[in-house]
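Below is one structure, written out as structure tokens; the observations come after it.
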């Protein structure tokens, strides 16, 4: 990425790397402050005293000048999203956040945002009950102990919703409707998307990588062993729900059928907004599956892949390495367990799911 722009922040990647290093060095030197916002006040974990202090929301804006040269972290929901007609729960307006960011810059305060979805993990890791006072303590411990944690740069350009993001909401909704209908009993049994997948299974077994075949249940173990069906694919052994979910990112439409008073599943290709082509993996990863800790609701497709697919795969592969993750919450992972978790999650999403996606895409014409 050297010399190119960071798509999330619009900041040169070299500067992002330098800023990340600066933030981390401040954390490692014991100069991390964390902050959380309640209904009317904010709670600030002071890096110098180790105490949690209650301050007003007005005082938050000028807090950088009290902690000059240090690091500061807070939830993205509080410090990355402005309040507005549809988000009144946020404590600060866009102009207040802009002033806060400028104050951080002026005071040489390295500001990072943590996804609010990480707070339950942080509380579990710190063995604390949720409250305005404990949230900053838990977040501080998680950031300190897990340097690989994904944190976000503040960015005023994220205050407005892009046309690309807006159009993705409808696609996510349509995919969710398709998947919710398709998985009703008998699950994935009929329709053009199902037939599309079934017709490609032998070729997939012959061409996809061993890692992907293992993840999708397409190894030798999926073949019948009895004489009458020997060598044929046993669909009950295949991760068909995962394959169907991946295919749904590229095709599928529910069409009312007046004769049956039901709907037909038609393999209509999806078109990436602003193009005349099927979606790219980059678009799907960012806007449909939303592969980021800062994701919004990704609908049934994300749930299927991350919860129903990746979770069991990660547990199985970790066990093969002698690492037991079953029954544990992410917040209770030590560094080694978290490293194994992230390795197999990346392998599942960015190798197996992507490879199947690209394979299916190569078979679709528009």
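The values are calculated or read from the model by the stated rules, or taken from the named source; none is laboratory data. Everything numeric here is computed off the predicted structure, so don't read it as measured data. Neighbour counts are summed over all protein chains in view; Cβ atoms, including those assigned to glycine, are modelled from backbone coordinates with ideal geometry.
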Requested in this report: Go through the stretch 30-77 and give me each residue that's under 17 Å from residue 92 (Cα atoms), surrounded by fewer than 13 Cβ atoms within 10 Å (Cβ to Cβ) and in contact with a helix residue (DSSP H, G or I) (Cβ under 8 Å, 6 or more places away or on another chain).
Outcome: 40
Report task. Evaluate the stretch 205-212: report whether one residue or more is in a loop (DSSP other than H, G, I, E, B), modelled with pLDDT under 95 and assigned by TED's automatic domain parsing to the domain that holds residue 313. Result -> no
Report task. Among the numbered conditions (1) surrounded by fewer than 19 Cβ atoms within 10 Å (Cβ to Cβ); (2) assigned to a loop (DSSP other than H, G, I, E, B); (3) out of contact with any helix residue (DSSP H, G or I) (no Cβ under 7 Å at 6 or more places or on another chain), tell me where residue 81 comes up short. Result -> (1)
**Report entry** residue 99, sole failed condition from (1) modelled with pLDDT of 95 or more; (2) touching a helix residue (DSSP H, G or I) at 6+ places or on another chain (Cβ under 7 Å); (3) under 28 Å from residue 291 (Cβ atoms)
**Finding:** (3)
Requested in this report: Can you give me the ranges of the helices (runs of 4 or more DSSP H) entirely in the stretch 232-323 with at least 2 residues that are more than 18 Å from the chain's Cα centre (by Cα) and surrounded by fewer than 18 Cβ atoms within 10 Å (Cβ to Cβ)?
Outcome: 311-320
Query raised in the report: Among 30, 10, 50, 3, which is in a loop (DSSP other than H, G, I, E, B), over 24 Å from the mean Cα position of the chain (by Cα) and modelled with pLDDT under 85?
Result: 3
Requested in this report: Could you look through the stretch 324-338, keep only residues that are without any contact (Cβ under 8 Å) to a residue 60 or more places away in the chain and surrounded by fewer than 18 Cβ atoms within 10 Å (Cβ to Cβ), and pick out the one that is farthest from residue 119 (Cα to Cα)?
Outcome: 324
**Report entry** Residue count for the stretch 200-217, restricted to those that are surrounded by 14 or more Cβ atoms within 10 Å (Cβ to Cβ) and in contact with a strand residue (DSSP E or B) (Cβ under 8 Å, 6 or more places away or on another chain)
**Finding:** 2
**Report entry** Only listed residue being touching a residue at least 60 places away in the same chain (Cβ under 8 Å) and in the same structural domain as residue 43 (by TED's automatic domain parsing), chosen from 143, 175
**Finding:** 143
**Report entry** Residue list for the stretch 185-233, filter: on the phi > 0 side of the Ramachandran plot and in contact (Cβ under 8 Å) with a residue 60 or more places away in the chain
**Finding:** 191
Report task. Go through (1) in a loop (DSSP other than H, G, I, E, B); (2) more than 23 Å from residue 267 (Cα to Cα); (3) in the same structural domain as residue 349 (by TED's automatic domain parsing) one by one and return the number of the condition residue 186 breaks. Result -> (2)
**Report entry** residue 45, sole failed condition from (1) under 13 Å from residue 154 (Cβ atoms); (2) modelled with pLDDT of 95 or more
**Finding:** (1)
Query raised in the report: Could we say that residue 165 is out of contact with any strand residue (DSSP E or B) (no Cβ under 6 Å at 6 or more places or on another chain), under 23 Å from residue 355 (Cβ atoms) and either modelled with pLDDT of 95 or more or in a helix (DSSP H, G or I) (or both) here?
Result: no
Report summary line: Matching residues in the stretch 178-189 (within 16 Å of residue 305 (Cα to Cα) and either in contact with a strand residue (DSSP E or B) (Cβ under 7 Å, 6 or more places away or on another chain) or surrounded by fewer than 20 Cβ atoms within 10 Å (Cβ to Cβ) (or both)) number 4
Requested in this report: Please find, among 118, 90, the residue that is modelled with pLDDT under 95, in the same structural domain as residue 35 (by TED's automatic domain parsing), under 30 Å from residue 283 (Cβ atoms) and assigned to a helix (DSSP H, G or I).
Outcome: 118
